[in-house]
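Read-outs: derived from the displayed coordinates by stated rules, not from any lab. Quick caveat, the model's predicted, so the values are computed rather than measured. Glycine gets a Cβ as well: all are built from the backbone with ideal geometry, and neighbour counts include every protein chain shown.
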Amino acid sequence: MNRKHSLIALAIMSCLTAAPAIADTQLHLQRFFGACEAKYGTNKDVSKAEGECGIMTSLINQFEAKNPDIEIKVTTVEWPGYDQLTAQMASRTPPDLVTMHNSVISDYQSRQLILPIDSLLKKADIALDEFTSTALNGVKREGEVFGLPIDTWTMLYHVNTKLMAQAELINADGSPTLPSSPEEMLSMARQFKEKTGKPYLIQILSNETAAYTRLMYTYLLQQDSNFFADASHISLQTKEARNILSHFKAIYDEDLTTKNMDYPASVSAFSNAQGGILLNGNWLLGTYTAESNKATSAIYNAYKAMPYPKLYDNDALYVDGHSWVMPNKKRSDDKLAATAKFFKFMADNDFEWSRTGHLPSMKNVLSNPDFTSLPHRTELMSVTTRGQGLPGGVKRQFAVQDIIGEEIASAITGVKTIDAALKDAEERVNDLLGNL
Amino acid sequence: MSHLNQASASEVCVRSPEKSISWLQNFGMWLANNKLLLVLIACSLLMLAPFLWTVGLSLKSNQELMLGASAVFHFPYTLNNYADIFQNSQVFRWLANSLIVSIGMTFWVLILSSLAGYAFARLEFPFKKIIFVIILMGLAVPEQAVIMARHQIFSALEMHNSYVGLILPGLSAPFGVFLMTQFFKAIPPELDEAATLDNANKFQIFWYVLLPLTLPAQATLGILTFLTSWNDYFWPLISATEQEMYTLTIGIASSQQNFAQSEGLGFLASQAIFSALPIILVYIFFQKHIVTAVAGGGVK
């Protein structure tokens with residue numbers, strides 16, 4: 001064997017023996033939030049990252065850099081990725097950890113497809129009382145914790161304060177005057193339209209069913225309606241549900257809202273100051289804050305984000321959240337230890353994730369000056385205590401949301417009467433839940 | 001001199017309405033004679049509009065598009081969205097996967113469909129008609145109806161996340177068998193008889209005599225199979241769950257940054273154009289065969 005061959009053989013041997021020494025435990029993470037390798041593929045400085053994708057990618061890069069003994073393999077899936085996850089579970093090849101909406105946890109937990117992580121949290125030295133009550137409730141099922149909550153999200157009032165001032169709906173401290181009852185909301189909306197010539201609300205009413213449903217959940221919770229008395233049965237033929245739909249319909253019929261806008265159209269409509277209040281999620285906080293800082297923008301210095309106001313007796317909001325959950329499969333002790341380390345890292349860096357606009361799941365972030373000094377966060381902190389999801393045992397919440405959203409839209413646009421739409425929504429949801 | 005000039009100017013003034021009338025008449029006649037062409041041009045523009053719109057979106061920054069899609073109609077334009085695609089290290093892997101799967105599936109569909117088509121058209125064997133009908137019944141079974149069972153079988157065989165797992169389901173191609181059978185039937189049997197007289201066996205007749213005559217049908221079937229495989233989304237979504245095994249359709253979908261993609265519209269559009277490029281090339285180079293495929297497939 002000549003010298004060249006010896007060197008090649010030595011190099012190959014070195015690689016083969018070195019690889020396990022560098023990273024002997026692999027964690028397969030599966031997540032949504034998109035891919036942004038072009039911008040953040042190698043970034044390990046999380047403070048320099050922006051947006052869900054950028055911050056999540058940088059967090060994982062940083063974790064890998066700090067833990068050379070753990071190799072992270074990331075699979076990015078199209079939002080929300082549950083078809084793929086279910087297929088992986090059916091073929092017994094799920095990832096080690098996967099991002100999941102809290103509202104979806106019951107679908108997998110009830111079939112033992114994901115595992116409780118209480119012992120791992122203990123191993124990672126994370127106490128349950130470190131989580132906000134809303135975040136913890138979102139991941140708790142039958143007394144056990146089924147995911148590491150990373151945030152709480154909700155729908156917000158994204159307010160154009162310039163237009164609100166024009167409509168004389170602004171308080172002395174510069175905050176927008178928000179309604180405290182449905183009647184007051186209608187009167188404010190009429191006043192807004194009269195003074196500005198623009199609709200009070202910007203809503204997503206085309207190609208989307210979630211927005212109306214989330215709004216309805218919030219107002220049902222505010223009326224203390226026990227609409228999911230048991231997790232497999234919904235009651236929508238109620239006075240409370242009728243109140244809400246009548247209110248929505250009045251807003252629609254009087255042209256106090258934008259119409260025929262899909263999601264992107266409504267997002268750009270707010271940027272272009274085409275209405276007073278956009279009803280959309282907290283994930284748009286960063287985008288609109290940046291937009292309102294541009295002198296050329298139609299919302300320059302004219303943006304405020306507020307939680308949904310209390311229109312009825314109860315102070316409640318519908319919320320959901322994102323979590324890391326652990327699919328049910330056999331794991332080595334090393335892998336469990338690596339998972340605990342990952343949980344600890346994500347919990348410790350919850351502030352960085354909260355920069356996305358999502359609300360923190362860790363209580364200590366709420367009092368962190370870095371967090372409170374972020375735009376609009378102080379106004380939104382109450383969401384972490386006022387927020388409620390649907391009862392933990394309710395399954396197929398995405399499908400339920402679609403059904404209710406479709407039926408609400410039918411009632412509001414006049415295709416069905418309110419009573420008929422609520423009856424159909426109730427029957428369709430109960431049919432779905434009754435056949436699981 | 002100036003009088004002369006004035007005279008010629010007035011002549012021109014007098015003539016020009018006649019000229020314009022005659023031009024209008026000619027144009028009117030041309031319109032009358034080319035009504036069909038005009039309708040086709042209008043329809044083509046209608047078909048092309050979404051594609052051009054997507055190209056326009058892909059050349060705009062995401063920030064501009066967030067303020068409104070009308071930004072497409074004015075400067076500045078940028079290639080940054082395309083540059084971002086090339087900086088995603090996985091895109092070329094997904095492209096290669098799509099090519100491997102599409103070419104592999106096309107190759108095997110052509111072989112299997114040709115052999116089956118020959119057998120049904122030329123050979124006699126027990127239950128031939130019944131088997132042919134059973135195969136054709138496959139045309140009426142939607143993929144969704146068998147997807148669960150198929151997924152379970154592939155799980156048991158540990159074939160997910162493999163090229164075989166992606167290619168194999170596409171090989172059951174009842175349309176291919178039907179198409180090739182019809183083409184083989186259309187070839188005069190005298191050619192077989194002549195080859196038999198020259199001592200050719202069945203396979204030699206198939207390979208040397210009949211198969212070359214079915215090349216137009218092969219092109220038709222090949223193109224349709226390639227296009228179907230390239231655009232497939234459902235099966236790769238649940239079979240290729242490892243990122244390295246994603247095909248382009250799945251990979252690009254996974255890159256979307258939020259559920260309504262309002263913040264990355266330009267990037268999304270550039271990805272759509274990028275993934276369509278191979279198909280556009282296939283259309284450009286095999287246009288004639290595709291037209292034959294679509295027209296012939298219906299007639300045969």
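Things to note:
- Taking 0.36 nm per residue of separation and subtracting the current Cα-Cα distance, fully stretching the chain between residue B:78 and residue B:24 would add 15.2 nm.
- Region B:65-187, dipole about Cα centre (Lys/Arg Cβ +1, Asp/Glu Cβ -1), debye to the nearest 20: 420 debye
- When only Cα pairs below 8 angstrom with a gap of at least 6 residues are kept, chain A shows a relative contact order of 25 percent.
- Peptide A:262-275, shielding by other chains (average Cβ, 10 Å cutoff): 3
- Length gained on full extension, residue A:86 to residue A:419, computed as 0.36 nm times the residue gap minus the Cα-Cα distance: 116.2 nm.
- Simple rule: put +1 on each Lys or Arg Cβ and -1 on each Asp or Glu Cβ in chain B, find the dipole, and look at B:112, B:76, B:44; the Cα lying farthest toward the positive end is B:44.
- In this structure the amide hydrogen of residue A:73, modeled in the peptide plane, comes within under 5 Å of the amide hydrogens of A:27, A:28, A:29, none closer than 5 places in sequence on its chain.
- Structure remark: mean-square fluctuation, Gaussian network model of chain B, C-alpha springs under 10 Å; the largest value among B:60, B:35, B:288 belongs to B:35.
- Rounded, prolate or oblate (a/c below 1.5 giving rounded, otherwise prolate when a/b exceeds b/c) for region B:87-299 by Cα gyration tensor: prolate
- Paramagnetic reach from residue A:69 (point 7 Å along Cα→Cβ, amide N under 17 Å) across region A:108-141: A:123-125
- For region B:158-175, 3J(HN,Hα) per residue [Karplus equation, 6.51 cos²θ - 1.76 cosθ + 1.60, θ = phi - 60°, Hz, x = Gly/Pro]: 6, 9, 5, 6, 9, 5, 4, x, 7, 8, 3, x, x, 7, 7, 10, x, 5
- For residue A:122, the aspartates and glutamates whose Cα comes closer than 13 Å to its Cα, not counting residues fewer than 8 places off in the same chain, are A:130, A:144.
- C-alpha long axis of helix A:418-434 to longest principal axis of chain A, angle in °: 20 degrees
- Measuring nothing but how far apart in sequence close Cα pairs (under 8 Å, 6+ apart) lie, relative to its length, region B:159-270 scores a relative contact order of 32 percent.
- Greater than 18 Å apart at Cα, pairs in A:195/A:259; A:123/A:344; A:239/A:423; B:129/B:185: A:195/A:259
- For the protein assembly as shown: rounded, prolate or oblate by the Cα gyration tensor [a/c cutoff 1.5]: oblate
- For the residues B:37, B:59, B:268, a GNM of chain B with alpha-carbon springs under 10 Å puts the largest fluctuation on B:37.
- Rough spin-label spacing in nm, given labels placed 7 Å along Cα→Cβ, for residue A:123 and residue A:194: 6.5 nm
- Estimated dipole of region A:42-115 in Debye, rounded to 20 [Cβ of Lys and Arg +1, of Asp and Glu -1, Cα centre]: 140 debye
- Once backbone amide H atoms are built at 1.01 Å from N, residue A:303 has A:161 as its partners under 5 Å, excluding neighbours fewer than 5 places away on the same chain.
- Exceeding the 21 Å Cα-Cα cut-off - candidates A:193/A:304; A:73/A:335; A:48/A:363: A:48/A:363
- Region B:267-289 versus region B:191-238: alpha-carbon centroid distance in Å: 25 Å
- Averaging the Cα positions of each part gives two centres, and for region A:335-376 and region A:156-225 these lie 31 Å apart.
- For the residues of A:73-83, the average number of beta carbons from a partner chain within 10 Å of their own beta carbon is 5.
- Taking chain B and dividing mean pair separation by its residue count, relative contact order in percent (alpha carbons under 8 Å, at least six apart): 29 percent
- Long-range HN-HN contacts of residue A:319 with modeled amide H, under 5 Å: A:388, A:389
- Shape metrics for region A:21-88, restricted to C-alpha atoms - Rg then Dmax, Å: 12.8, 36
- Cα gyration tensor shape for region A:247-318, rounded if a/c is under 1.5, else prolate or oblate: oblate
- Label point distance in nm, residue B:244-residue B:277, each placed 7 Å from Cα along Cα→Cβ: 2.5 nm
- Simple Cβ-charge dipole of chain A, Lys/Arg +1 and Asp/Glu -1, about Cα centre, in debye nearest 20: 1040 debye
- Protection proxy ranking for A:220-226, B:217-223, B:130-136, using the average of other Cβ atoms within 10 Å per residue and placing the highest first: B:217-223, A:220-226, B:130-136.
- The simple spin-label model puts a point 7 Å past each Cα toward its Cβ; for residue A:226 and residue A:301 those points are separated by 5.3 nm.
- The mean number of partner chain beta-carbon atoms within 10 angstrom of a residue's beta-carbon across peptide A:84-95 is 5.
- Packing, as the average of other Cβ atoms within 10 Å across residues, places the peptides B:168-174, A:63-69 in the order B:168-174, A:63-69, highest first.
- Couplings for region A:318-334, taken from phi via the Karplus curve 6.51 cos²θ - 1.76 cosθ + 1.60 with θ = phi - 60°, read 7, 9, 9, x, 10, 9, 9, 10, 10, x, 6, 7, 6, 9, 6, 4, 4 Hz in order; Gly and Pro are left as x.
- When the Gaussian network model of chain B links Cα atoms closer than 10 Å, the mean-square fluctuations of B:149, B:140, B:32 top out at B:32.
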